[in-house]
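For reference, the structure discussed in these notes is given below.
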Amino acid sequence: MRSLTFGLLSLATAARAATVTYNFTATWVWAAPDGVGRPLVGINGQWPCPTIEANVGDTVVVHLSNNLGNQTTGLHWHGINQVTTEEMDGPSGVTQCPVPPGSFIKYEFVVDVAGTYWYHSHNMGQYPDGLRGPFIVHDPNDPNKSKYDEEVILTVSDWYRNQSLDLVRQMLVPTNTRFQPPAPNTILVNEGQGANINFVKGKKYRIRLINFAALAGAFLHFDSHTMKVIMNDAALIKEQEAYQLRVAPAQRYDFIIEAIDRDSGNYPFLVALDVNRDFQNPALGALRFPFNFTGYLVMDNTQPLDKVDVVDVWNPVDDSHFKAYDGAAPYADYTKLIKLDFQFCFDANGYPRACFNNVTYIGQAVPTLYTAATTGDSNSNPLIYGQVNPFIVEDGDIVQIVVNNLDEAAHPFHLHGHHFQVLDRPGPTAGSWPERDVNYASEPPKRDTIVVNGASYAVLRFKADNPGVFLFHCHIEWHVEMGLTVTIIEAPSKLKGLVFPDDHLDNCRIQKIPYAGNAAGNTQNHTDTTGFVTVPPTIYNGAMYTAPS
């Protein structure tokens, strides 16, 4: 953890700030959110997992104990940038060792930006098994506060009746030559608890929409009511009307709907999973059960809830055309270009993988942040990190990430540690980036998860002002397990000599995981690649735990 210097504007916030503490124990829970029972990872013996709430400027402390017995775990705070607390980001093998059964970890960080976030396991495909929940950071000085009277959290997810370990094992086989991910069984809204929103004439409602899915995006449409979008991925935008939204896995939208004088009765709204490869194909029309969900804006409890909202053609608003609330122009010309060509691939053993620039991500023995902290001047050499697809970014760089999606389907990509500007995101079949910077958005929106359309590209830009080790990856969880991840080592000169909490390192010691040196734990010769993992294992064990001998 590095020291934090507050500017004049943040001193008042710091003075008001509180410490908000949560005590979580990860346990197996039997639940049937879609009517079919299965084991889930819950918190404190309950599922759904609880909502975390804090005010901007607060310090959030989460004590996580692992009582799963047979699996390791950990938590990532999706969208929280972890300024000066890079070791609290949570992905196993990156900023920490996984937490083994019977052990614990303490996360502590400041929530410096208000908005709608979520938390989830970032440990070997575990979060589709249920370890996820909303994370709301309120702002007493929210510039939109006068525009709404009440808040409602609306979560959506695809749902699988089998556990993730089995699903990934069925996917990672040489016979899966078409790279097919597991197909969901159904849709969940509010983790199966439904969504009938009390809707009172004259009131305005801020809806905080979060997609927990492992695979599918979701469409949203309200009968007779327009959504006024005010935020995407916890970044303020200039208010934008939308009749339809598509929220990809890991994305969030905050929007306002209003009950006006002419309203009466109960209004249905439709949430429909997008399980097609090209959601922009009008011929696909509305999706059918079991991937549709109808909720209601309820104004009259005496009337039946039997209407449906029929959408013949999905044509969601283009979020890349949103405008930043502060009107900020794009960052100046970039000093570092990270160009990523994504396509599916096969490893040396013929197993299906996903690749950036023909290289699949392979986890190494030492968590990447620990390598950066313990290898001195060698930490600016990408060789020492192994096949985690490392990119070195210097302090103060303007970084441009270009993703060329060579697949036919749309994919959501998420950056840890930053909100990026979306400079350009053309429609499907636009081809690859033309290698020149023209016609970019003048007031680009910021966000942390962007959908890159099929056979198309996106141009993103951020300022390297947050030293740490941060992932950039597809947020289709099955594609993460296939290796669709790169690692950004940001400002390595400021990571040398970082000191980590004892409880974090104890989890490494318990499992006999090295926590210093290069990717293989060599503390003497950092460029010696002996022991580096260069081919993914053929047997996938996910988060399953075996005590070291």
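The values are calculated or read from the model by the stated rules, or taken from the named source; none is laboratory data. What you see is a predicted model, and the numbers here were worked out from it, not measured in a lab. Cβ placement follows ideal geometry from the backbone for every residue including glycine, while neighbour counts extend to all protein chains displayed. For the accessible areas, the whole protein counts, side chains as well, though only heavy atoms, and no ligand, DNA or RNA atoms are used. Shrake-Rupley method; radii C 1.70, N 1.55, O 1.52, S 1.80 Å.
Numbers at a glance
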| quantity | calculated |
| --- | --- |
| Residue-normalised accessible area of region 409-535, expressed per residue, 1.4 Å probe, Å² | 32 Å² |
| For region 103-229, the Rg and Dmax computed from alpha carbons only, in angstrom | 18.3, 59 |
| Around P537: net Lys/Arg minus Asp/Glu count, Cβ-Cβ under 14 Å | 0 |
| Which of V83, V499, V62 is most accessible, then next, and so on - probe 1.4 Å | V499, V83, V62 |
| Stokes-Einstein D for the chain, Kirkwood Rh over Cα pairs, 37 °C, 0.692 mPa s (µm²/s) | 137 µm²/s |
| Of every Cα-Cα pair in region 469-518, the percent that sits beyond 12 Å | 74 percent |
| Ratio of the Cα radius of gyration of region 208-363 to 2.2 N^0.38 Å, where N counts its residues | 1.32 |
| Ratio Rg/Rh, restricted to region 419-528 and using Cα atoms, in which Rh is the Kirkwood radius | 1.07 |
| For region 302-422, average projected area of the Cα convex hull in nm² | 14.8 nm² |
| Neighbour net charge for V137 - beta-carbon separation under 15 angstrom, K R +1, D E -1 | -4 |
| Per-residue [θ]222 nm for the chain (sum of -39500 (n - 2.57) over DSSP H runs n ≥ 4, rounded to 500) | -2000 deg cm²/dmol |
| Span from the region 325-361 Cα centroid across to the region 366-425 one, whole angstrom | 9 Å |
| Of all accessible heavy-atom area on region 25-134, the percent that carbon and sulfur account for (1.4 Å) | 51 percent |
| Accessible solvent surface per residue of region 65-110, calculated while the other protein chains remain in place, 1.4 angstrom probe, Å² | 20 Å² |
| Net charge, N55 excluded, C-beta distance under 12 Å - Lys, Arg +1, Asp, Glu -1 | -4 |
| Isolated Cys in the chain, by beta carbon distance under 4.7 Å | C49, C474 |
| Relative compactness, region 37-88, computed as alpha-carbon Rg over 2.2 N^0.38 Å | 1.37 |
| Whole-number D in µm² s⁻¹ for region 41-186, Kirkwood Cα-pair radius fed into Stokes-Einstein, 37 °C, 0.692 mPa s | 192 µm²/s |
| Inter-centroid distance (Cα atoms) of region 160-235 relative to region 15-59, Å | 18 Å |
| Exposure ranking of F269, F293 by accessible area [1.4 Å probe, largest first] | F293, F269 |
| For region 333-372, diffusion coefficient by Stokes-Einstein and Kirkwood Rh (Cα), 20 °C, 1.002 mPa s, µm²/s | 172 µm²/s |
| Highest to lowest packing among 209-215, 253-259, scored as the average C-beta count within 10 Å | 209-215, 253-259 |
